[in-house]
Amino acid sequence: RNYYGGNWASFSFSGLLSWIKENQQKTDTDDECEDWRKLILENEEVISLRNKDKTIQHVEDFCFDDQDSAEGVEEAGALPKLPVFGASGGEAVAQESEECPQRESALPEAESREPGKDPGVEPASPVEGNDRDITSESGSSPSTTSGQSAPESGKTEAAPAEISAQEPKKVTYSQIVREGRRFNIDLVSKLLYSRGLLIDLLIKSNVSRYAEFKNATRILAFREGKVEQVPCSRADVFNSRQLTMVEKRMLMKFLTFCLDYEQHPDEYQDYENSTFAQFLRTRKLTPSLQHFILHSIAMVSETDCSTLEGLQATKKFLQCLGRYGNTPFLFPLYGQGEIPQCFCRMCAVFGGIYCLRHSVQCLVVDKESGRCKAVVDHFGQRISANYFIVEDSYLPESICTNVCYRQISRAVLITDQSVLNTDSEQQVSILTVPPVELGKPAVCVIELCSSTMTCMKETYLVHLTCPSTTTAREDLEPVVQKLFSLNTGREAENEELEKPRVLWAVYFNMRDSSGIDRSAYDGLPSNVYVCSGPDSALGNDCAVKQAETIFQDMFPTEDFCPAPPNPEDIIYDEEEIAPEESGFSTSPETKPEPSTEESTSRDSTAVNKEDNEE
């Protein structure tokens, strides 16, 4: 690939269109030259890897605006195409600089700190939008750039006082294409629990210095055909106008019980074999409270979730409240695809090497030991190592014969307004829509505003996700029709005004290879480790647990993602520097900071050494 993150990646709008086109083409790219087979010895055998990604299926995209108007429109700020330096790293650098320019300028410069420890910073407010950043002491909100186009020629620009009284400007498809670099569209839609494993890992490893985050500002519910805001915190509950005083007391009493339900087993042990929905009916809760708890707080299935699982999910939700704001969730600015790139940046600082657009033909396995010895790349270069990590989608069918995959249904929409309009346009919302019909799963909807740096101004980016039962479009379109208007032109003007209009949409199915036991892969060498693609859960715990498990299998005595030393504190010996000429280096040794006299002496010696070499 020419981008980081695999199925965790984010794309600009033009990048996503290229990705769609690539995945709609079903042809395999066969390897014409097989000179690399000459490198295989008699006592070796090969495991050929796939050269076509088959994890994405049923890709369908739709434009609900005048698509012809975008012909000839170029993306604003697009860089001129850089020269190609052959099929090696230079080409990858050229492609990367086209896809994600100036991304480094978004990184915070302040020293990292553990969030939640600064009493001087107010929690993020969904009204004021004072975003909390887990790396910035100032807590300042990142600036956003306007995606609004210039006024048409011959028309007078309205005065500021008049703009608010006018109708909102209609966003067109040509504007979306022109402002395509304002979009950062995730292939997988997730949020970070404020006390989840990924946040803890980002803090511990200091990778948090490379990212900024925005609070999810509100939790929504879909009930009786309407979208409502769910009160989460104690303040929200008592300020809510949706609930009666009796319901407020009921809700607070139940949530208090959930926080320490383990201390009161007599209240739930009779219902351990029941579903969580059945347990809620025994708690004398009103139907609206049962709906809020089941679908918007616990966010679990009405038919498949046990009582204990529901109580655990509710407790996790409540424990994450208040760490950074009024909801349990954070979203990374510029999209979920920033997270893998942040880990890449940290690794690269300490010598990690990444090769984009550099495919691997096969694994080379020793017949006697059954261990993998090397890989052969598309240049015919043989690269040896002790351990190999491969993503599931690269493995051939011969190894995956007994593997049963699940599927995730995904949809991404660009809309012109929020599913629930309020005084503030800059809302990050999460909504769980209950199953439309029996046998269908609930659908998780995440709506992102322009201040998340994932879409242009005056638009919203909406992600829909659920476990697949059929194609993504068949799974998700009924929910889209309930929440949004899919009509175009005059039809949209005649429809009810409160429904947001979909400007553009894409549906696709993504393979869920999580939770597969290693023994399911036939003939996998013992030193080859398989990592899965994204799972369907809202959080990232599965990926973090998987990464730690693989790491501990390879290095059982090492700490997983320890806090790194400062680069300026690392001293390389001459023996360690020498191998770097061939592109590889040994692990740097961290040494204590020298005293002032030692530092001065060492610096002068280094200067003299440089003079002699010159």
Which of the residues belonging to segment 34-57 are touching a Lys or Arg at 6+ places or on another chain (Cβ under 9 Å), polar (S, T, N, Q) and open to solvent by 40 Å² or more (accessible area, probe 1.4 Å)? 43, 57
Cβ-Cβ under 8 Å, sequence separation 6+ or interchain: first residue in segment 513-526 and at positive phi, partner assigned to a loop (DSSP other than H, G, I, E, B) and open to solvent by less than 70 Å² (accessible area, probe 1.4 Å). Which pairs? 515/532; 515/535; 523/399
Strands (runs of 3 or more DSSP E) completely within segment 201-274 that count 1 or more residues being of a type outside the set (Asp, Glu), open to solvent by less than 50 Å² (accessible area, probe 1.4 Å) and more than 30 Å from residue 548 (Cβ to Cβ): 218-223, 226-229
Checked segment 306-352 for anything open to solvent by less than 30 Å² (accessible area, probe 1.4 Å), part of a loop (DSSP other than H, G, I, E, B) and of a type in the set (Phe, Trp, Tyr); matches are 324
Enumerate the pairs (first residue in segment 44-66 and in contact (Cβ under 8 Å) with a residue 60 or more places away in the chain; second residue anywhere and surrounded by fewer than 16 Cβ atoms within 10 Å (Cβ to Cβ) and part of a strand (DSSP E or B)) with beta-carbon separation below 8 Å, excluding pairs fewer than 6 apart on the same chain, so at least 6 apart or on different chains. 44/366
Within segment 353-380, the residues that are free of Cβ contacts under 8 Å to residues at least 60 places away in the same chain and exposed (fewer than 13 other Cβ atoms within 10 Å of the Cβ) are 369
Within segment 532-568, restricting attention to residues that are touching a helix residue (DSSP H, G or I) at 6+ places or on another chain (Cβ under 8 Å), farther than 23 Å from residue 463 by Cβ and among the hydrophobic types (A, V, I, L, M, F, W, C), which residue is surrounded by the fewest Cβ atoms within 10 Å (Cβ to Cβ)? 563
Go through 18, 97, 88, 105 for me and flag whichever is out of contact with any Ser or Thr (no Cβ under 9 Å at 6 or more places or on another chain) and at pLDDT 90 or above. 18
Name the single residue that is surrounded by the fewest Cβ atoms within 10 Å (Cβ to Cβ) among those in segment 180-200 being within 18 Å of residue 325 (Cβ to Cβ) and of a type in the set (D, E, K, R). 200
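So, in segment 504-560, how many residues would count as being in contact with a Pro (Cβ under 8 Å, 6 or more places away or on another chain) and either part of a loop (DSSP other than H, G, I, E, B) or aromatic (Phe, Trp, Tyr) (or both)?
To start, the set of residues in segment 504-560 that are in contact with a Pro (Cβ under 8 Å, 6 or more places away or on another chain) comprises 510, 512, 514, 536, 543.
When the remaining residues are screened for being either part of a loop (DSSP other than H, G, I, E, B) or aromatic (Phe, Trp, Tyr) (or both), the result is 514, 536.
Adding up the residues that qualify gives 2.
Go over the candidates 397, 391 one by one and state the one that is open to solvent by 60 Å² or more (accessible area, probe 1.4 Å) and among the charged types (D, E, K, R).
Details: 391 fails: open to solvent by 60 Å² or more (accessible area, probe 1.4 Å).
Answer to the check: 397.
The values are calculated or read from the model by the stated rules, or taken from the named source; none is laboratory data. Note that this is a predicted model, so its numbers are computed, not measured. All Cβ positions, even for glycine, are placed from backbone atoms using ideal geometry, and neighbour counts span all protein chains on display. Just the protein is used for accessible areas: all its heavy atoms, side chains included, with ligands, DNA and RNA removed. Shrake-Rupley method; radii C 1.70, N 1.55, O 1.52, S 1.80 Å.
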